Structures are given as C-alpha cells and as structure tokens.
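Input: a single structure, listed below in structure tokens.
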Amino acid sequence: MNVRIGVEEEFHIVEVESGLLVPRAAPLLRRLPPDTFTSELHRSTVESNSAVHSTLDDLHADLAHTRRQLDSAASSLGLAVLAAGTAPLAPPVSGRPSDGARYHRMVEEYRQVAEEQLICGAQVHVDVPDRDTAVRVMCVVSPWLPALLALSASSPFWQGADTGYASWRTLLWQRWPTSGPAGCYASADEYDTAVRDLVRAGVISDAGMIYHDVRPSAHQGTLELRISDACPRAETVVLTAALFRALVTDAQERLRTAGGSACPGRHEWLRGATWRAARAGLEGTLVDPDTRRERPAAEVLTRLLERLRPALEAHGDWDTTRALLAATLAEGSAARRLRRVAEEEDLLACVDTLIAETRGERRPPRRRAPAGPGHRTASRPALSARTAAAPGAGAPTPGVPVAARQALPH
C-alpha cells in the first residue's frame, strides 16, 4: 500500500546565550534553500516542508537532515532553533509580523490574538484520493485526535511560568475563530460552502485561515493534521505521522464497509476532550472516544494502536510504530521532561534541552553557572513562583526500551 506522507514543522528562533526568542527569521532564511524553508506569521519562527515519502525511515531521514541544515544556518548567526509548542522564554507579544500583506492584515484584524501567537506546531499531510473522501474521513478520525495531541505535548511554559498545561500552545491556538474540532460534512461541496460562508461573513479572509484540528488541504490532495505541538524529537513526529496515516487508511475502510457514512456521532464533546489532552498530556487521563469517560492516556493510545494494527501492517509500519509508542509512553511527554529539567535546574536549561533534542541529541552540554551559592543572573531564569501543579510533573522516568531506540536511525 503506497499512501504517502509529508510533514511541515515550525521552529522557534532563540539567541544562544540568553535563550530568548528573537525576531531573526529573515537573516536565517537567507542562508537556507527557499524550496524547503519559509517564513511564518512572526519573525521569530521559520517553517520547514519535507518531501513526500512512503516509508517512515525516509521521513525520519528527511526531518533529521532538515533539522541539521537549520541548526547549521542558525549557529552561524549566533542563534539556535527549537521545536516545541512554545518557547520557555518568550516575550508577551511579537514585535511585528513577517513581511507580507496577508500577515500584516491578520495582525491588524485579530490584534492580540495574532500578536500572542508565538507558538509552533507540526502538521502531517496524508494522501487521499479526492476531496469528498478527505471530508468524510475528517469526521471519522476526529475523535482520536486529542490522543495525538497528548503525544506531542511540549509547551508547559509561557513567559517564564509553568502554565499547569502540557500543551499551552493549544489554549493559545484555540483563540482563533476557526480552530478546534472540524465537525462533520457529507461532501466536499458542503464543506467548501461552509468555508465560503465564513469568508463572506468577514470572519476569515481566505480558506487558508481554517485552523481546524484536521482539514482537507487547500492546495494538495491530502488530509492535514493540525492539532499537534511542534515536537523536540523527530521520532515523535514520525510516530504521529504513522498513527495519522493509519487513522486515515482505517477510516477509508470503515467508510467503504459502511457504504459511505461512518460518522461516530455528534462532536460537541471533542473540544472538551482536546482541553483534557492539552491539560494532561501523557501523564493524566484522556476522554475515551468510545465511552466518553476518562481513561489513562496510555490505555487510550494502546487501544488506538491495536485498532490501527491492520492499517499499520499494510503500510509496513507496525513494528516501528509499536516500538516508538512503547518508548514514548515509558519516558513520558516532552512537557514532562521539560518540567523535570526546570525543577532540577532552570528555564535556560529547558531551552538548552529543547535545542539539543531538536538537533537529535538527548542531553545538552551543561552550562557553567555563575559562581556563588544559589546565584542566578537574568540569563539563568528560575521557574516563576506561580508554577502550577501538573499531572506527573515530578515522577521518575522509566528507561527507554532498546527496541524503541532501534526502531529508527539516529
């Protein structure tokens, strides 16, 4: 079975010494190939676009190569890049948007909603045969998307404080008028009519501002996953891509056997389920799509893996996906790892950890702290006193299974 996948990744740009988010996308992009890298709404963010791939190994190699290119270009400018939903040391708002009339219009129209979108996500594209299929599949896969958000959760910090959420990016993202669950449509025509109505009403300026958790691509023959935080480790992106491709394949089979309609029911509950995933990540409970009751995140994801086994095996992804999921559930979310670093060291150490993981390293070199007991400077920010308790924040981390470490090349 040859259902291709591609990924768009967004990265924060930070100053190496201070760890602060900085608006340096323009000089960075001048050192990178324009067919792979592009600007985003804010000057502190760049986006990479992978090639289209059939295998997880090829996708992983592409993402790793792209990250190396980006890291090399950033290093030459005294900068670094990190993949996470939010940067731990971000200003309250962006200084100004990237060049382009569309970006300036968005900031003017949406004001603080746009100005505070100092966030990064990872989008996965999966081939679909046509837009009607994309729209119908969208409805079938939606109940499982909060579980994919939990896998990717990497944004517990905002403006130097622990928010109490595993994915604060989700809460910031949900301020847009078209964010959240996509809803159900019988056909592409019905979906496109709804989009045109939003444009005519002045809510959005174009179809590209549909920010649902999943959507048919406006320019490609794909279904696009948009719920995920940017992920420090490329392996987490690959795991998410594998599960989403299998979800899309499984949904098409369910639509075929159901005669074209396999909607699991009303979706009003999904916004709450997404909130639960953003709050807890992998360390708490999720809303079970079948029972609509709380269940441990590991149980929901393990059941999703079994549900998708036929589709994963059809793509040759079963062994790799099973190993990657086992490793992720054993070690916990990126949000959990970052909280541990913040408790043991400080927020600059969190930035260093994110830079290292984005590069493909597991541990950053330890910075030499200033002399003197308990001394901290502005460049070594401690965690804010308003730190909120979070599920699993201080729990020890089990070892990573050897099989998972071998599932993909490093």
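The values are calculated or read from the model by the stated rules, or taken from the named source; none is laboratory data. Because the structure is a prediction, the values reported are computed rather than measured. All Cβ positions, even for glycine, are placed from backbone atoms using ideal geometry, and neighbour counts span all protein chains on display. We work out accessible area using only protein heavy atoms, side chains counted, and drop any ligands, DNA or RNA first. Shrake-Rupley method; radii C 1.70, N 1.55, O 1.52, S 1.80 Å.
Karplus-derived 3J(HN,Hα) values for region 329-344, using 6.51 cos²θ - 1.76 cosθ + 1.60 with θ = phi - 60°, are 5, 5, 8, x, 6, 4, 4, 5, 4, 5, 5, 5, 4, 4, 6, 7 Hz; glycine and proline are entered as x. Ranked by the mean number of other Cβ atoms within 10 Å of their residues, highest first, the peptides 295-301, 233-239, 198-204 fall in the order 233-239, 295-301, 198-204. Taking every DSSP helix (H) stretch of at least 4 residues in the chain, weighting each as -39,500 (n - 2.57) and dividing the sum by the residue count yields a mean residue ellipticity at 222 nm of -12500 deg cm²/dmol. Taking a ≥ b ≥ c as the square roots of the eigenvalues of the Cα gyration tensor, the chain is prolate, since a/c reaches 1.5 or more and a/b is larger than b/c.
Mean projection of the Cα convex hull over all viewing directions, computed for region 215-342: 9.1 nm². Note that region 297-351 carries a Kirkwood radius of 12.9 Å, evaluated over its alpha carbons pair by pair. Would you mind classifying region 125-257 by shape? Square roots of the alpha carbon gyration tensor eigenvalues, ordered a ≥ b ≥ c; an a/c under 1.5 is rounded, otherwise it is prolate if a/b is larger than b/c and oblate if not. It is oblate, given that a/c is not under 1.5 and a/b is not larger than b/c. On C-alpha positions alone, give me the angle between the axis of helix 297-307 and the longest principal axis of the chain, in degrees, nearest 10. Result, in degrees: 40. Fraction of C-alpha pairs exceeding 16 angstrom in region 110-181: 60 percent, rounded to a whole number. Sorted from longest to shortest, the spans of the Cα atoms of region 1-137 along the three principal axes equal 47, 36, 25 Å.
Annotation: amide H-H contacts under 5 Å for residue 121 (H modelled 1.01 Å from N, sequence separation of 5 or more, or interchain): 10, 230.
Between the amide H of residue 7 and those of 50, 125, distances stay under 5 Å, these residues lying 5 or more places away or on another chain, with hydrogens modeled in the peptide plane.
Evaluating 6.51 cos²θ - 1.76 cosθ + 1.60 at θ = phi - 60° for every residue in region 212-225, the Karplus couplings come out as 4, 4, 8, 7, x, 5, 6, 10, 10, x, 9, 9, 10, 7 Hz, glycine and proline recorded as x. Separation of region 51-74 from region 187-229 is 27 Å, based on Cα centroids.
The portion of the accessible surface of region 297-359 made up by carbon and sulfur, rounded to a whole percent, is 45 (1.4 Å probe; DNA, RNA and ligands excluded). Here the accessible area of region 9-52 is 52 percent carbon and sulfur, with a 1.4 angstrom probe and all protein chains present.
The residues of region 75-120 expose, per residue, 43 Å² of accessible area to a 1.4 Å probe.
Residues whose amide H falls under 5 Å from that of residue 345, counting only those 5 or more places apart or on a different chain, are absent, with hydrogens built in the peptide plane. Peptides 270-276, 191-197, 246-252 ranked from most to least packed, by the mean per-residue count of other Cβ atoms within 10 Å: 246-252, 270-276, 191-197. Between residue 257 and residue 200, full extension at 0.36 nm per residue minus the direct alpha carbon distance yields a gain of 16.8 nm.
Relative to the dominant Cα principal axis of the chain, helix 188-200 is inclined by about 50°. Here the extension length gained between residue 294 and residue 219 equals 23.3 nm, from 0.36 nm per residue of separation less the Cα-Cα distance.
3J(HN,Hα) along region 121-126: x, 10, 10, 10, 10, 10 Hz, from the Karplus curve 6.51 cos²θ - 1.76 cosθ + 1.60 with θ = phi - 60°, whole Hz, x for Gly and Pro.
For region 77-98, list residues with backbone N below 12 Å from a point placed 7 Å from the Cα of residue 17 toward its Cβ? Within reach of a label on residue 17, which here means backbone N under 12 Å from a point 7 Å along Cα→Cβ, region 77-98 contributes 78-79. Placing pseudo-labels 7 Å out from each Cα toward the beta carbon at residue 51 and residue 108 gives an inter-label distance of 4.1 nm. Taking the 0 to 90 degree range and rounding to the nearest ten, how far is the long axis of helix 101-110 tilted relative to the main principal axis of the chain, both from C-alpha atoms? That works out to roughly 90 degrees.
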